Structure formats: C-alpha cells, structure tokens
Protein chains: 2
Amino acid sequence: MTRIYNFSAGPAALPEPVLRQAAEEMLDWHGVGCGVMEMSHRGKEFTSIVAQAEADLRELLAIPDNYRVLFLQGGATQQFAQIPMNLLAGGSADYLVTGTWSKKAYGEAKHLVGALGGAVRLAGSTETAGFTRLLRTEELDLDPRARYLHLCTNETIHGVELREVSRLPDTGVPLVADMSSHILSRPLDIGRYGLIYAGAQKNIGPSGLVVVIVREDLLGHASPVTPTIMDYRVMAENGSMLNTPPTYAIYIAGLVFRWLKAQGGLAAVEANNIAKSDLLYDFLDASDFYDNRVEHDSRSRMNIPFLLRDDALNDAFLAGAKAAGLTQLKGHKSVGGMRASIYNAMPLAGVQALVDYMRDFSARNG
Amino acid sequence: MTRIYNFSAGPAALPEPVLRQAAEEMLDWHGVGCGVMEMSHRGKEFTSIVAQAEADLRELLAIPDNYRVLFLQGGATQQFAQIPMNLLAGGSADYLVTGTWSKKAYGEAKHLVGALGGAVRLAGSTETAGFTRLLRTEELDLDPRARYLHLCTNETIHGVELREVSRLPDTGVPLVADMSSHILSRPLDIGRYGLIYAGAQKNIGPSGLVVVIVREDLLGHASPVTPTIMDYRVMAENGSMLNTPPTYAIYIAGLVFRWLKAQGGLAAVEANNIAKSDLLYDFLDASDFYDNRVEHDSRSRMNIPFLLRDDALNDAFLAGAKAAGLTQLKGHKSVGGMRASIYNAMPLAGVQALVDYMRDFSARNG
C-alpha cells in the first residue's frame, strides 16, 4: 500500500494513526464484541465515546462552560438555514460576503426570510474585488441592533482567511462564524463568538457531521417554522440525541481530537500549519511561473489557490502531480487553476513534496 | 476477538464480511492511495461508489425508473418534517398512528402545519389498543383527496409490521411510508408507494444516512419555508450532492447492498427472515414463561418484543444473556420487558442461541 499526498478540499486526508485505529477496532471496539458502527447510541459504550469526544474538543478549544457543543447532521449547508431559523426571531441579521461560502449562507437566509419574518442585510462584500481579500473597515455597514453578524472565517474556494477577529469592530452583536475549513488549525477565542459551526470533513473527521458551538443565551428563540430536529435548544437538551446521531462520524472525530492532543494541542498544530503554509507561499511569491492572487494579510493557511501563468499547462501539471503521488490539486471550477488544501492531517513532508514537484515542473516548462 | 450476537434495535449489527472489507480498505481503497473517508465526493472514485450503491439498491428493490433514490442526512426524524414541507402544498395529509414512530411523524407534521398552511388529519390509531396490532379497515377514516397518507410499516418499538399493503383500501392517495426498520427484509412493490424512507442504521448501514425513494411527480411542490437542502427536487437534480453527502455511510451501505445480492437477493433474504422470526415466535407461543402480546397477523419479523411473566427476573435475564454473548435485549423504556431485533445481519444461529438461552433460563427460573 502506498499512501498518496491528498490535497482535497474536503472530504480530506485524515491522520494515518486515526485510520489505523479505526480499522483495528472495526469489528470489536475495546473487547465489547462489536464495532462502533453497530452500537446502540443509547448504550454506555457509545455514550462514553461521545462524552470523551466532547471533553477533548472542549479542552482543545478551551470552550467556556456557557457554550454548548452539538454534534449535528446536514453539514454547513443545513446550518445556512438552521441559523436564521433559530436566531433571527423576527429581527434583522447582517451578513458579510467574502467568498462562495459566505455568499451561499447569505443566499439561504434571503431564501427563508420571507417565511421566517424579519430581515437579512448585506453588511459588506468583496465580490467586486474577486474575493481576493478580507473586508476593510471602511467597507463595513454594520447594524448594531442586528440579531447576529454572520461571516465565514475561512473561504475554502478563494483561500481567504480571517484569523484576527479584532479586525471587526465589536458592536456587541453576536458573531456567527462558519469555520468549516480552518477550525482546530490554531487556538481560538471562543468567547468572542455567539455561534461557531464547522462541517467535519476538513479538520474534524468524515462528512455527515457538523459541529456547532453555541452560547447558551442564543438557545430557545427558534421560529415556529423550525423542524424540531433543527431547534438548537431541543438538541442541546437532548445531548444531540433527539434522534440517532451520526455515531461513526462522531467516533472518528473523537479519534482526531485525541490525535490533535497528542500533537501537543492547538498551539503546536498552529506552528506546524504556519511552517507548511509559509513553505508554499514563499515558494509561490518567489516564482514567476505560479501566482497566488490573495492579498498577503488575507491568505489562508488551509486552502492555497494558485494559477499557472500559462493555463495551457494545467492538464500536464495535474497529470505529473498525480504521477508523483500528489492528488486533488485541481482548483474549484468557479476559480480555475489549482488549489492545495493543507489541513492539519497534511504533513510538512507533503507540502515539501508539492513544492519540489512544482519547482521541477516549472524548470521543465518555464 | 469474539463477536457477540447484538440484538440492538439500531444502530445494529452489520454483516461481518462488510466490516472486514471496510477495515481492509480503510487506508487504501482499490489501490488509489487513500481511504473512502478521505475522498472528494466529486471525484471519479467516490462518484463510482455512489453510482454502484444506487444501482445495486435499484436492482434489489426493483425500483421503477420513475422513482428517484436520494441519499440524505438527518435520519427518519428529519423526514418527519421534510415530508410535509415537500408534499403538503397547502392541502391536507392523513396519518395512521400504529406505534411510537408513526405517532412522532404525526406530531411533527402537526408542529409544522401552522407555518406550512394546510391540514393534517389523524386517519386511524391503535393507541388505545396499546399499539399491539395493525389498524382494522373499519377503524380507517381516509380522505380520498389527501395529498398523501403517511404510515410506518414496521414499528420498531412495538414490533408491529404491515407487510400486505393491500390491507389498506387503495384510494389513489400516494402512500408515504417509514420503512426504517424493515426495508430490504423482503421484496417490495415500490410502485404501490409515493415515497419510502428509511434511516440506514438497521438494515442499510451506519447511522447518519437516510434513504428516500420518491416518485418523480411528487418532486417540485416544496413550501417556501423549506430549506434548500431539504427540497427533494433540488436534491434529486443534484444527485443528492447539493452539499457534501455522508460519503462513508453511503460506501458502507453499498457494501451491504452487495452482501444482500450475494445472499441471493431479497427473496432469499426473506426466507431467512421468516425462518428466524418463526423460530423465536414459535418458542414464545409455546412458552408460559415468556409472552409476546402483538396479534399474530401484525407481528414484525424484525423487532420482537417480549415480556417475562415475572418482571422481577428481568435483570437476571439480561445479565445471563450478556454473559452468554447475547446483548442489547432490553426493551424500549416505553414498553418495558425485552426486545430482540433480528435484522438481516443477524444469522439464524444467533436466534437459535437466543432461544437456547431463553429455554435454559426459563427452566432454571420457571
């Protein structure tokens, strides 16, 4: 078996030790005579798995006690609907649009606002700038009475990341952040947010799981239009188990959380992510052959899109990369070019192998 | 490693060959250098996995061409909301209540009907009969102009199963059936239904996946209240991939479908299920020590609840069973006693081991 370096934007590479343990435990978890996939979600075995997963996540992110952790289904896309259903409460919400994903969230809120009542405002957009940077303070039009301010802190497709939330004026409005593609990549000040959500399939585990971290005072305001299963309060009261949760995905997420702790926690993980992304950005910036167009202070450590100066070489680049064991480098169709997603599970050696290949390819084709 | 006989109602035992293959392929699927959990859902590898899973399911159930197969999230519980959101269209819907699950579906429709517009009717209930039998024709109050008639064809908690849909008068109203706990246990006349749904965690695969089989003319009637991700038409148009689907759960489901085909298809599977359930029911009916209170023509082949004549022996029964490698036999708290869930993956030898244990226990305690 030869494992490739998989640069997929998600579902994405998982840590090998996690996969090995999952394979070993597939038919028999801890000697109980069945695998995790076969366990009743109400039994003491699975209850211990989900409790440990939540405890480890709380430790990794230093989640304050007045926040609830929910393990839900439907991905970030379902959250795009669930957030206004639960939080709009007849008021107005602000949306920042800095890439494809925050634009989708804004679109879904607009789709539902007529039925929900209330209003949804565009409080700033970088669309005319091609989603190549963060919003500037003078571009913000924030409503201090908004129920919440929605943003996507890492735009997976455009490679734009907001790490310093202090760049946003603190109007006291709860921040609601889609962190799908960079959660757990560094320490985080959870207390600055009202609600954080993240589809699992990048830095957490398999697809089919979305983690929601929500401040308790935001629970209990769901519109009557809200399906019971989508009411955060109901799910919080039922420990995410009003119905059967995605048990196996939660188990894998728990193994990933333990792996992150074994790496030394999120400070160590961040140092590694800085080293990885610096390696690739420094190479890109020194090259005339490749180009990343995101402004320097807006660049993502997780998703690094780049273009070849000559588009006609794209297919040859991808074919050569695949032959070198470097896969899933094709950029999203909406932006073209290439994209390297280098989440936590991508080792520095993988980024080095990519840079070596890129240097060699440019030397042969420059 | 000793595998126990796991009688969990769900998540439930899976076929050992399926788990062995999943473990073997965890780090490297078919030599591509990464596991299924790590694959982009848009890549050709995963696209082939989902296409094969759908093709095998269509073959097993002989699904007509004018039905769409959707692989969704949120379980049957989310369907309880999604169905009226998509199908009510300002009209009236009939609900049959024959146990906990159909009662929940009816409750969720009532919860949402104010926001959706239209009406929801109780068209028959066996609640006063303790959910121990199917509805009788004279108990039905069917609206021939209803948008749909909802029923649960196998009540997991009460052990009541409707196999002969001809017991219901055919008024031309589309039947919408929750088949979570007995789908794939026998051949089925799909054409008799408008929509069938089934949470995966009994006869299909892991939790976190729900399969919907829907007649095409029922697509496209969603209320404006419907989140985009919950609109069947949108999901059908996007091949269940408007967003990232629960990829690993779909892969495991696909392995289960192949395993069912290798058993000889659903006719052979049904014969095995008849043998298994007959073995247990015949034993129960011959016993003075144990009791199943479901009427004979209403008994489920999948979920078999039973009581010990002396409740005080329950704990000893469960402890002895566990020591004998027979687990998850405790009945649902709402009905008490015991329950043996004997889905497709439970071999006849497992039911025989249960009967042997029950005979021995009654001899020692009778």
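Readers should treat all values here as calculations from the given coordinates under stated rules, not as data from a laboratory. Worth saying up front: this structure is predicted, and the values here are computed from it rather than measured. Positions of Cβ are generated from backbone atoms using ideal geometry, with glycine treated the same way; all protein chains shown enter the neighbour counts.
Using unit Cβ charges (K, R positive; D, E negative) and no other charged atoms, how large, in debye to the nearest 20, is the dipole of the stretch B:17-262 about its Cα centre?
On the way: 22 positive and 26 negative charges, 41 e Å.
So the magnitude is around 200 debye.
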### Task
Place a label point 7 angstrom from the Cα of residue A:286 along the Cα-to-Cβ direction, then list the residues of the stretch A:334-361 whose backbone nitrogen is under 16 Å away.
A:351-361
### Query
So, by mean Cβ neighbours within 10 angstrom, what's the order for B:64-77, A:280-293 with the highest one leading?
B:64-77, A:280-293
### Message
If I histogram all Cα-Cα distances within the stretch B:181-278 using bins 5 Å wide from 0, what percent of pairs lands in each bin?
### Response
2, 11, 17, 20, 20, 14, 7, 4, 2, 0
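Could you list A:302, A:346 in order of exposure, starting from the residue whose Cβ has the fewest other Cβ atoms within 10 Å?
On the way: A:302 28, A:346 22.
Ordered by Cβ neighbours within 10 Å, fewest first: A:346, A:302.
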### Task
Calculate, in nm to one decimal, what residue B:323 and residue B:62 gain on full extension: separation in residues at 0.36 nm each, minus their alpha carbon distance.
89.8 nm
### Task
Using 0.36 nm per residue of separation minus the Cα-Cα distance, give me the extension gain between residue B:167 and residue B:333 in nm, one decimal.
56.7 nm
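What is the average number of partner chain Cβ atoms found within 10 Å of a Cβ in A:107-114? Write down the numbers at each step before the final one.
Details: counts 1, 3, 0, 0, 5, 5, 0, 2.
Per residue, the number of nearby Cβ atoms from other chains is 2 on average.
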### Task
Provide the gained length on full extension for the span residue A:237 to residue A:21, in nm with one decimal, where the gain is 0.36 nm per separating residue minus the Cα-Cα distance.
74.6 nm
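If you take each beta carbon of peptide B:68-74 and count the beta carbons of other chains within 10 angstrom, what is the mean? Before the final figure, lay out the partial values.
Values: counts 0, 0, 0, 0, 2, 11, 9.
Average per residue, whole number: 3.
Test of understanding: ordering B:83, A:157 by Cβ neighbours within 10 Å, fewest first, what list do you get?
With the fewest neighbours first, B:83, A:157 line up as A:157, B:83.
Say R0 is 60 Å: what FRET efficiency, to the nearest 0.05, do residue A:271 and residue B:278 get from their beta-carbon distance?
Details: r = 64 Å, r/R0 = 1.06.
For R0 = 60 Å, the calculated efficiency reads 0.40.
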### Task
Give the percent of DSSP beta bridges with both residues in the protein assembly as shown that are antiparallel, rounded to the nearest 5.
55 percent
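Calculate the mean, over all residues of peptide B:329-336, of how many other protein chain Cβ atoms lie within 10 angstrom of the residue's Cβ.
Details: counts 0, 3, 0, 1, 1, 0, 0, 0.
Counting other chains' Cβ atoms within 10 Å and averaging over B:329-336 gives 1.
Please report the relative contact order for the stretch B:1-69, taking Cα pairs under 8 Å with a sequence separation of at least 6, and give it as a percent rounded to a whole number.
On the way: 26 pairs, mean separation 7.8, N = 69.
With pairs under 8 Å counted, the relative contact order is 11 percent.
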### Message
Can you list the copy-to-copy distances for residue B:365, using a point 7 angstrom from Cα toward Cβ, in nanometres, shortest first?
### Response
7.2
### Teacher prompt: residue A:139 distances to equivalent labels in other copies, 7 Å Cα→Cβ, nm
6.4
### Summary
Over the Cα atoms of the stretch A:239-366 the radius of gyration and the largest Cα-Cα distance (Dmax), both in Å, equal 17.5, 59
#### Entry: Largest to smallest principal axis extent of the C-alpha atoms in the stretch A:17-262, angstrom
59, 38, 29
### Task
Please report the relative contact order for chain B, taking Cα pairs under 8 Å with a sequence separation of at least 6, and give it as a percent rounded to a whole number.
23 percent
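Over the stretch A:214-291, what relative contact order in percent results from Cα pairs under 8 Å that are six or more residues apart?
Working: 20 pairs, mean separation 9.1, N = 78.
It rounds to 12 percent for the stretch A:214-291.
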### Query
With charges set only on the Cβ (+1 for Lys and Arg, -1 for Asp and Glu), what does the dipole of the protein assembly as shown come to about its Cα centre, in debye to the nearest 20?
120 debye
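Could you sort the peptides B:10-18, B:41-49, A:137-145 by per-residue average Cβ neighbour count (10 Å cutoff), highest mean leading? Walk me through the numbers on the way to the answer.
Details: B:10-18: 23.2, B:41-49: 16.6, A:137-145: 12.4.
Order by mean packing, descending: B:10-18, B:41-49, A:137-145.
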### Query
Cα atoms only, the protein assembly as shown: Rg and Dmax in Å?
26.4, 88
### In sequence order, calculated HN-Hα J values of the stretch B:160-166 (Karplus, 6.51, -1.76, 1.60; Hz; x Gly/Pro)
10, 10, 9, 9, 9, 5, 5
### Task
Would you check chain B for Lys pairs whose C-alpha atoms are within less than 29 Å, ignoring same-chain pairs closer than 8 in sequence, and give me the count?
22
### Task
Provide an ascending nm list, one decimal, of label-point separations from residue A:91 to the equivalent residue in each further copy; define each label point as 7 Å from Cα along Cα→Cβ.
4.1
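Does the stretch B:1-79 come out rounded, prolate or oblate, given a ≥ b ≥ c as the square roots of the eigenvalues of its C-alpha gyration tensor, rounded meaning a/c under 1.5 and, failing that, prolate meaning a/b above b/c?
Details: a/c = 1.76, a/b = 1.07, b/c = 1.64.
Oblate shape, in that a/c is at least 1.5 and b/c is the bigger or equal ratio.
Order A:268-275, A:85-92 from most to least packed using the mean count of other Cβ atoms within 10 Å. Can you show the working numbers first?
On the way: A:268-275: 16.1, A:85-92: 19.8.
Answer by packing, highest mean first, reads A:85-92, A:268-275.
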